[in-house]
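What follows is calculated from the coordinates using simple rules that are stated; it is not laboratory data. Keep in mind that what you see is a predicted model, and the values were worked out from it rather than measured. As a convention, Cβ positions derive from the backbone with ideal geometry for all residues, glycine included, and neighbour counts pool all protein chains shown.
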Number of protein chains: 2
Amino acid sequence: MNEQAAIADLRVNGQRLWDCLEKMAQVGPGVAGGCNRQALSDADARGRQLLAEWLVEAGLQVAVDDMGNMFAQAAGSAAQPVVYAGSHNDTQPTGGKYDGVLGVLAALEAVRTINEHNIKTVRPVGVVNWSNEEGCRFAPPMLASGVFVGVHARQWAHDRKDGAGCRFADELARIGWAGDEPCGQRRIAAYYELHIEQGPVLENENMQIGVVTHGQGVRWLQITLAGRAAHTGTTPMDMRADAGLGMARLIDAANQIALARQPDAVATVGQCRLHPNSRNVIAGEAVFTVDLRSPDRQLLAQMEDELRSRGDDVCRQLGLQMQVESLVEFDPVQFNQECVTQVREAAAMLGYAHRDLIAGGGHDACYISRVAPAAMIMCPCVGGISHNEAEAITPQWASAGANVLLHALLQTAGLAS
Amino acid sequence: MNEQAAIADLRVNGQRLWDCLEKMAQVGPGVAGGCNRQALSDADARGRQLLAEWLVEAGLQVAVDDMGNMFAQAAGSAAQPVVYAGSHNDTQPTGGKYDGVLGVLAALEAVRTINEHNIKTVRPVGVVNWSNEEGCRFAPPMLASGVFVGVHARQWAHDRKDGAGCRFADELARIGWAGDEPCGQRRIAAYYELHIEQGPVLENENMQIGVVTHGQGVRWLQITLAGRAAHTGTTPMDMRADAGLGMARLIDAANQIALARQPDAVATVGQCRLHPNSRNVIAGEAVFTVDLRSPDRQLLAQMEDELRSRGDDVCRQLGLQMQVESLVEFDPVQFNQECVTQVREAAAMLGYAHRDLIAGGGHDACYISRVAPAAMIMCPCVGGISHNEAEAITPQWASAGANVLLHALLQTAGLAS
């Protein structure tokens, strides 16, 4: 089977994919129907073992690097750059059954489909499972893909500790998944990652596929406003330096700053603390973080500048002092245009309702795009709920995502004549 | 000495008052120069004992009621209504050396001055020490004056427990200060209370005396806004129900509501909590308290109505649900006009810079004004700082306040011919 028409008719085995998702969900089950398969835990080790068995059954060889990243491809093919698909098999402590693992098992399913139809590709197609994407046990998130692309030094990553003081490298050795291959050495021809949206857009608009064109740039600012703690009853309005009021004005300012840059910018204050946080004491201090995101680097910088300037205004008006600390700064990601086009054309060819989308969170693909052509495919999730055991998708959504992944992979790998 | 001129020249012994304040501050000393003489503690008992010794030395008899309130007056005088002055001798855990105790010891000093000049009054002049004004050990504040005026039932007050589970009545008996006299039975001809301002107004305006005309009415509302917790990166601005943003708008609304009702209204949000309070999760819930105060009952009701209505608007705009719980509701207090006039005239006669003032906090005098003519005198405190070991006043401020108290007492008690 090598003619164009037959290839266009090719579909993954949706039931087999769903069964694998269900089987993997039983490894490190959560307490409320989800999963707890944190990085480098015993459950992660069992999950890796099960995945490796499936990969070998599918005719692939599994290699492991010294960050525990798993790469699977046909024997002998690793000498040339591989077109990889994958994601991460680890979960949050109260994680869902699809975040990450869908991308890994859909990649496996794509390879199975290619092999059982005896399709030969010019470039080999492989599966990757990146270690410790979640970052909940070993901060930061995307630790191993970050090492792969040179954002983090390997030694620094090896020395990351969990809450109990265990080192990443020690835990990786303990569970038996420390490989010899130096992380980052492997050549990647291209990389595709299917992931659940973790947001509400696709479901709300009745879309089956999100064609991810960009990753949001992210800036986290921690703002501390210092005022004067004083009695709420005895301090007249004009003798106050109310840090809580200043915080309120900046929460609203952040909102306005994002609304002025639609459709893609977002800004949020999700965390705050007043001191002394007493009903009848004017807050002498307010500490809060502002999460700013935009897929446009210039807009993102503008957003931060405007927030700082609004902060200066608020401080002048209210007699406060401001300190701003930059906690996180991720540049926006522009995914490879050819890869994005493959995803869009595959969705169109398959007849799926699709739209372009910005990835709002961090993903391994955001890092991999620094060293190889990369793109992401998203499928809806119910209510946009993720990082929660209640996370849910339908078998149809999973199949559609896997079919797009399959066809994008085939186009990029090329059919051997 | 009975002529008018001689009376006008009468002054308290400021040094003796200051010495007593310093001695009392050594009973239940704090860790940072202030006091820890919490209600019904061993330190409170030692403070009561020292006060009782001074009262007896000053020629007074001390009676105690079944809430531990101490009343001191000349022997045989209690059959007729007494003109009392006083306040409370208990402190916060990290309290100052003047909050409360200044009013008690200035009353003692006034009686000493009257007696040593052999002045006879038509109505007897006495000293009172109300139990547990602070409310920090046994909530609510002003517990014993509240029982005295019938706001609280005695049995309910006796059953109040501290953080360790000890009952008020048991602790009162343990320290030996449970009297037989039923609380509230004693007739009060009039009541004056000297207190530090606990606010910045007098010091800022270089005033020695505050003539307290009203007590602020207080309403504490606990507002809960329910939105939808969601990922800050993947949830577009127009698909959010951000409880933190709603809170911010209502903090600002409370501020505007008070600013529109100057000079006396105040409004503050000093306590708040977001849930889950995570940097990259839009708050699904915000809980905060709004402290509204005005000396005008109608304005205070308006303020609450307007805040609720602004809350409804915010909820409509942002897709939130609001619950409002009323935690505290104290009506404004209008002090007795004759007593207030005595205070104002005494300050003028003595040549002290003075201004009318609203008592922003709760005081025993606010309750006592329900059953007897009452007024308050305030003296400045440094930086408006109180409920803090750093609380400070000058000996001159203390003397000025005590002199005004002395002359207001003499005018109300009347000079015997």
Between the label point of B:Ala416 and that of the same position in each other copy, find the distances and list them shortest first in nm, with every label point placed 7 Å from Cα along the Cα-to-C-beta direction. 12.2
Convex hull volume per residue in cubic angstrom - Cα atoms of the protein assembly as shown: 160
For region A:296-398, shape from the Cα gyration tensor axes a ≥ b ≥ c, cut at a/c of 1.5 then a/b versus b/c, turns out prolate
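Using Cα-Cα distances under 8 Å and only pairs 6 or more residues apart, what relative contact order does region A:136-273 have, in percent? Display every interim value, and only then the final one.
Numbers: 71 pairs, mean separation 15.4, N = 138.
So the answer I get is 11 percent.
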Fully extended, how many nm does the chain gain between B:Gln256 and B:Ala416 (0.36 nm per residue separation, minus their Cα-Cα distance)? 52.2 nm
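If you put +1 on each Lys and Arg Cβ and -1 on each Asp and Glu Cβ, how big is the dipole of region A:59-125 around its Cα centre, in Debye rounded to 20? Kindly include the intermediate steps, with their values, before the conclusion.
Details: 4 positive and 6 negative charges, 56 e Å.
It works out to roughly 280 debye.
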Taking A:Gln80 in one copy and the same position in all the others, each labelled 7 Å out along Cα→Cβ, what are the pairwise distances from the first, in nm, shortest first? 11.7
Can you work out the base-10 log of I(q)/I(0) for region A:45-101 at q = 0.23, 0.26, 0.30 1/Å, using the Debye formula on its C-alpha atoms alone? -1.04, -1.22, -1.39
Taking 7 Å along the Cα-to-C-beta vector as the label spot, tell me the B:Glu345-A:Val151 distance in nanometres, rounded to one decimal. 7.9
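For A:Val328 and A:Ala63, what does the FRET efficiency come to when R0 = 22 Å and r is the distance between their Cβ atoms, rounded to the nearest 0.05? Present the calculation step by step, with values, prior to reporting the outcome.
Working: r = 32 Å, r/R0 = 1.45.
For A:Val328 and A:Ala63, the calculated efficiency is 0.10.
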Under the Karplus curve 6.51 cos²θ - 1.76 cosθ + 1.60, θ = phi - 60°, whole-Hz ³J(HN,Hα) for region B:201-217, x wherever Gly or Pro sits: 5, 4, 4, 4, 9, 6, 9, 8, 9, x, 8, 7, 8, 9, x, 4, x
Take every Cα pair under 8 Å in chain A that's 6+ residues apart, average their separations, divide by the length, and report that relative contact order as a whole percent. 23
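Rounded to the nearest 5, what % of the DSSP beta bridges within the protein assembly as shown are antiparallel ones? Can you show the working numbers first?
Details: 93 of 137 bridges.
Of the beta bridges lying entirely in the protein assembly as shown, close to 70 percent run antiparallel.
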Relative to the first principal axis of the alpha-carbon coordinates of chain B, what is the inclination of helix B:297-318, with its axis defined by its Cα atoms, in degrees from 0 to 90 and to the nearest 10? 20
Taking θ as phi - 60°, what are the ³J(HN,Hα) couplings along region B:395-406 by the Karplus curve (6.51, -1.76, 1.60), each to the nearest whole Hz, with x for Gly and Pro? x, 5, 4, 4, 5, 4, x, 5, 5, 5, 4, 4
How large are Rg and Dmax for chain A when calculated on the C-alpha trace, in angstrom? 23.6, 86
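Taking each residue in A:254-266, count the Cβ atoms of any other chain within 10 Å of its Cβ, then average. What number comes out?
On the way: counts 3, 8, 0, 0, 2, 2, 0, 1, 3, 3, 2, 2, 9.
Neighbouring Cβ atoms belonging to other protein chains average 3 per residue here.
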Going by Cα centres, region A:1-57 and region A:346-417 are how many Å apart? 15
Beta bridges by DSSP in chain B, antiparallel share as percent, to the nearest 5: 70
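I need the shape label for region A:161-239. Rule: rounded when a/c is under 1.5, else prolate if a/b > b/c, else oblate, with a, b, c from the alpha carbon gyration tensor. Spell out each step's value before the answer.
Working: a/c = 3.23, a/b = 1.55, b/c = 2.08.
Oblate shape, in that a/c is at least 1.5 and b/c is the bigger or equal ratio.
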Label geometry 7 Å along the beta-carbon vector: B:Ala153 inter-copy distances in nm: 7.2
Using alpha-carbon positions, what is the distance between the centroids of region B:101-142 and region B:244-259, in Å? 41
Pairs of alpha carbons in region A:1-136 whose separation is greater than 20 Å (percent): 44
Based on Cα positions only, what radius of gyration and what Dmax would you give for region B:118-216, in angstroms? 17.1, 49
Report relative contact order for region B:6-149 in percent, whole number only (criteria: Cα-Cα under 8 Å, sequence separation at least 6). 27
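Beta carbons within 10 angstrom, averaged per residue: use that to sort the peptides A:264-276, A:330-342, highest first.
Details: A:264-276: 23.0, A:330-342: 18.2.
Top of the packing list down: A:264-276, A:330-342.
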State whether region B:9-65 is rounded, prolate or oblate according to the following rule on the C-alpha gyration tensor (a ≥ b ≥ c being the square roots of its eigenvalues): a/c under 1.5 gives rounded; otherwise a/b larger than b/c gives prolate, and the remaining case gives oblate. oblate
Using only DSSP helix segments of four residues or longer, with each worth -39500 (n - 2.57), what per-residue ellipticity at 222 nm results for chain A after dividing by its residue count and rounding to 500? -11000 deg cm²/dmol
Can you work out the Karplus-derived ³J(HN,Hα) for every residue in region A:332-342? Use 6.51 cos²θ - 1.76 cosθ + 1.60 with θ = phi - 60°, whole Hz, and x for glycine or proline. x, 10, 10, 6, 4, 5, 5, 5, 4, 4, 4
Among the residues of chain B, which one places its Cβ closest to the rotation axis that maps chain B onto chain A, and what is that distance in whole Å? B:Ala248, 2
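Roughly how crowded by other chains is peptide A:240-248, in terms of the mean Cβ count from those chains within 10 Å of each of its Cβ atoms? Walk me through the numbers before you get to the answer.
Working: counts 4, 0, 5, 1, 10, 8, 1, 5, 14.
The shielding value for this peptide is 5.
Quote to one decimal, in nm, the extra length available between B:Arg187 and B:Arg316 on full extension: 0.36 nm per residue of separation minus the C-alpha distance between them. It would help to have the intermediate numbers written out before the result.
Details: separation 129, 0.36 × 129 = 46.44 nm, distance 5.43 nm.
Gain on stretching B:Arg187 to B:Arg316: 41.0 nm.
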Can you give the Rg/Rh ratio of region A:68-125, where Rg is from the C-alpha atoms and Rh is the Kirkwood radius? 1.05
Spin-label pair B:Arg355/A:Asp180, simplified geometry with 7 Å Cα→Cβ offset, distance in nm: 8.4
Average beta-carbon neighbours from other chains, 10 Å sphere, peptide A:189-195: 0
